[in-house]
Structure formats: structure tokens, C-alpha cells
Amino acid sequence: MLITIVSIIVILDILINILLSENLKKKIGTTRNYSLKSSTFHHEIAPNINLYEFWGKKKYKVITNKYSMRVLNEEKRNIYPSIKNIGFIGDSFVYGSGIKYEDHFINLLEAKRVDYNLLNLGYVSYSPSIYYKKLKFYIEQNKIKFDKIFLFIDHSDIQDEGIFYREDKKGNIVRKWYSDDEVAYKKQKHYYKNYFKQNSFIYKLYENLNSPKISYKSKKCILESSEKNYNDYLEIERFGYGYNENVLKKEWVFVGIKKINNYLDKILNLSKKYDFKIYLVYYPSALEVLNKINFNSSKHFIFLENWSKKNNITFINNYHAFNKSNDKTKNYLNNFIECDVHWNKKGHEIISNSLINYINE
């Protein structure tokens with residue numbers, strides 16, 4: 001009897017999804033159901049979605065265009081061929097984790113009536129190997145010509161490149177600990193998983209019920225009623241390598257920096273080949289702000305500035321704008337989502353204000 005009921009539910013689930021249009025299906029569920037495995041980029045957000053995303057109890061809309069770029073609304077999905085393109089590439093900071101797009105720095109720039117297509121090329125847990133692959137893909141496969149690219153190299157990128165990602169023999173970005181044979185096997189499984197994530201109501205419900213909407217540490221921080229030491233709730237290895245000596249000694253830091261140098265050079269060569277200008281954007285991590293680490297002593301700042309000077313790249317330093325007060329905790333709460341490392345609306349305003357003059361150059 002139970003097997004019969006389950007079979008009927010599964011069949012109905014499949015039939016309903018067959019009858020629904022693609023456009024309607026991509027408005028059902030959350031972004032978690034449309035964060036897909038990619039054989040080329042490891043993972044990516046699906047194109048043409050219009051769904052809610054959650055950060056704890058807070059929810060906000062995520063809308064993408066046909067290139068999987070996050071946009072303000074469905075009317076903004078088009079890339080107009082009559083004006084030039086500026087791309088912003090990075091990880092979750094550029095994508096806009098934890099914030100509605102009305103408050104995102106790209107939308108704030110658009111509100112200044114900039115005469116460019118401003119394209120969001122970022123996504124969660126991306127890093128320089130994927131930045132390079134994505135840019136190459138957009139230029140060579142999608143035939144998008146860029147006038148300028150703003151590169152956001154996050155502190156967490158060092159750990160991502162040092163521990164998590166590698167290129168397989170075909171040049172695809174994969175998990176470092178899987179062999180090429182294991183990657184090929186998982187690729188077959190990912191095809192089916194991606195299908196069910198997008199097309200099965202049962203799978204969508206299961207995934208949203210069983211996946212956390214916020215990290216354990218962030219949740220613990222929010223529930224903490226006494227005076228908080230925010231340092232205790234943020235990941236030191238991902239966001240504190242620039243100043244913490246214990247983290248700096250780890251092998252993956254050296255590996256990550258070396259790989260990022262390599263991919264920055266590849267992006268630079270891409271810019272020369274396809275004639276676009278690069279800007280490298282520095283911003284202090286939440287932990288650097290909370291510990292009042294001066295940019296001159298931040299290994300992350302030094303690393304990025306040195307590469308910029310060596311290659312005559314415009315380097316945009318946002319340190320002072322994130323550290324206006326003598327009270328370091330106030331600086332954190334003013335510019336970051338509380339109990340998190342990502343920028344709040346004021347943080348996005350800082351980035352928007354710092355970029356506008358370079359966009360209008």
C-alpha cells in the first residue's frame with residue numbers, strides 16, 4: 001500500500017512538471033533548487049530564475065538573465081548591444097549574498113544613470129580559477145565584449161584555491177580531492193541531480209527542508225543575547241589569513257596565493273587579447289575590520305597591490321571607507337550583516353561610491 005501511494009505521488013510529480021512551462025517552473029522553489037553542478041565551473045546558478053533566497057529569516061528575490069547573471073528584475077534581463085559592457089566578477093560579495101538587489105552596489109551604480117550594461121558575473125564560492133574560466137566563456141562562447149572588468153579577489157579565495165579547487169585534464173574546475181575518474185563518474189550523477197533539483201516538487205521540498213538557511217555559527221551568534229565578541233563567530237581561516245600568523249604558516253596559503261597569481265596573469269592576458277581594462281578592487285574582511293588591522297600590514301592587501309603595481313593595473317583601496325570610526329565594532333556593524341562576513345546596504349554603498357569615478361573614466 002505504501003509503495004503504491006509513493007509511486008502515485010512520484011508519477012503525479014513528474015506529470016505536473018512535464019505540463020508546466022519552463023518559465024513557470026523557475027518561479028517555484030528557492031535559489032537552493034537552482035544552484036546547479038557544472039562540469040566546467042564546478043557549480044553555477046541557473047539562468048532565467050525568479051525566486052526567493054533566504055538568509056536566516058530574511059528573504060529576498062534573486063532574478064537571473066539567460067547568462068545566469070543576477071539582475072534587478074525581469075525587465076533588466078537584456079544586454080543592450082548599443083552600449084558597452086562592464087563586468088564585475090567575484091564570489092558571494094559580488095553576487096550579493098544576504099542582500100536584496102535594490103541595495104546591491106551594481107544597482108546603486110545603475111541608479112546613477114551610468115551609460116553601460118553593468119553585468120554581475122559573481123556567484124557563491126567562486127574563486128580566481130573560475131573567474132578566469134567564466135570570463136573566457138562569456139567572451140568566447142557567449143560573444144560578450146567587455147570594456148572594463150572589476151575584479152574582486154576575496155580573502156576566502158586563497159583557501160578555495162589552496163584546498164578546494166583544481167583543474168582536471170580537460171581544464172574544468174573540480175574538487176581537488178577527486179581523481180579525474182571520480183569526477184567523470186560524479187558528472188553522470190550530477191546530470192540527474194540537476195534535473196530533479198529543477199523539475200521535481202518533491203525534491204525541491206526535501207532540499208529546502210533539509211538544508212540550513214544560515215551557517216551554524218551565524219545562527220548561534222544571532223541567538224546570543226549577551227554582549228557579543230563577533231570574532232568568535234566568523235571563520236578565521238577563510239577571512240583572517242591576511243593578519244593571523246598561525247593561518248599564514250599553513251601550506252594551503254602558499255599554494256592558494258601562487259595559483260591566484262597564475263590566474264590573475266591569465267586574466268591579464270585575456271584582457272590584452274580581447275581589449276578590456278582591468279581594475280582590482282581591495283576591501284578589508286570583516287575580521288580585519290573587527291581587529292582594526294591596518295591595510296599596510298595585511299598580507300592580502302600587500303599581495304594584491306604588488307600584483308597591480310607589477311602589471312600596471314588600477315588598484316582600488318576601500319580600507320578607509322570601511323574604517324571611519326575609532327570604534328572597530330561600530331565599523332563592523334555599520335558595514336556588514338551582523339553575525340556574517342558579507343556587506344550590508346552601507347557596505348554596498350561604499351563599493352558603489354568607490355567605483356563610480358572609475359566607471360566614468
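The values are calculated or read from the model by the stated rules, or taken from the named source; none is laboratory data. No experiment lies behind these values; they were computed from the predicted model shown. Positions of Cβ are backbone-derived with ideal geometry, glycine not excepted, and every protein chain shown enters the neighbour counts.
Could you run through segment 35-57 and say how many residues are of a type in the set (Phe, Trp, Tyr) and not in a strand (DSSP E or B)? Break it down stepwise before answering.
Quick first cut of segment 35-57, residues of a type in the set (Phe, Trp, Tyr) only: 41, 52, 54-55.
Adding the requirement that they be not in a strand (DSSP E or B) leaves 41.
Count: 1.
Looking across segment 275-330, just one residue is exposed (fewer than 15 other Cβ atoms within 10 Å of the Cβ) and among the aliphatic types (A, V, I, L, M), and that is ILE302.
Any residue at all in segment 58-69 that is of a type in the set (D, E, K, R), surrounded by fewer than 16 Cβ atoms within 10 Å (Cβ to Cβ), at pLDDT below 95 and in a helix (DSSP H, G or I)? For segment 58-69, residues of a type in the set (D, E, K, R), surrounded by fewer than 16 Cβ atoms within 10 Å (Cβ to Cβ), at pLDDT below 95 and in a helix (DSSP H, G or I): absent. Within segment 313-342, residues that are closer than 22 Å to ILE236 by Cα have Cβ atoms under 7 Å from residues that are among the basic types (Lys, Arg) in these pairs: LYS328/LYS292; ASN331/LYS324; ASN334/LYS346; ASN335/LYS346, counting only partners at least 6 apart in sequence or on another chain. The set of residues from segment 83-109 being of a type in the set (Asp, Glu) and touching a helix residue (DSSP H, G or I) at 6+ places or on another chain (Cβ under 8 Å) comprises ASP91, ASP103.
Criterion first (of a type in the set (Gly, Ala, Ser), out of contact with any His (no Cβ under 7 Å at 6 or more places or on another chain) and loosely packed, with under 10 Cβ neighbours inside 10 Å) does SER21 satisfy it? Criteria met by SER21.
The set of residues in segment 206-256 being of a type in the set (Gly, Ala, Ser), closer than 15 Å to HIS300 by Cβ and without any contact (Cβ under 8 Å) to a residue 60 or more places away in the chain is empty.
Of all residues in segment 55-72, those satisfying the criterion of being more than 19 Å from TYR126 (Cα to Cα) and within 17 Å of the chain's Cα centre (by Cα) are TYR60, LYS61, LEU72.
When you scan segment 187-249 for helices (runs of 4 or more DSSP H) that lie fully inside it, which ones turn up with 2 or more residues that are over 25 Å from ILE9 (Cβ atoms) and of a type outside the set (Val, Ile, Thr)?
216-223, 236-239, 245-248
Looking only at residues in segment 1-25 that are touching a helix residue (DSSP H, G or I) at 6+ places or on another chain (Cβ under 7 Å) and of a type in the set (D, E, K, R), the one that is nearest to VAL71 (Cα to Cα) is LYS25.
Only residues that are over 17 Å from the mean Cα position of the chain (by Cα), assigned to a loop (DSSP other than H, G, I, E, B) and not hydroxyl-bearing (Ser, Thr, Tyr) were counted in segment 109-145, giving 10. Residues in segment 339-355 that are in a helix (DSSP H, G or I) and either modelled with pLDDT under 95 or among the charged types (D, E, K, R) (or both): LYS345, LYS346, GLU349.
In segment 217-236, the condition of being under 24 Å from the mean Cα position of the chain (by Cα) and under 19 Å from HIS43 (Cβ atoms) is met by no residue. Residues that are surrounded by 13 or more Cβ atoms within 10 Å (Cβ to Cβ), in contact with a Lys or Arg (Cβ under 7 Å, 6 or more places away or on another chain) and either among the β-branched types (Val, Ile, Thr) or over 17 Å from HIS43 (Cα atoms) (or both) do not occur anywhere in segment 254-264. Of the numbered criteria (1) outside any helix (DSSP H, G or I); (2) more than 23 Å from ILE139 (Cα to Cα); (3) in contact with a strand residue (DSSP E or B) (Cβ under 7 Å, 6 or more places away or on another chain), the one VAL281 fails is (2).
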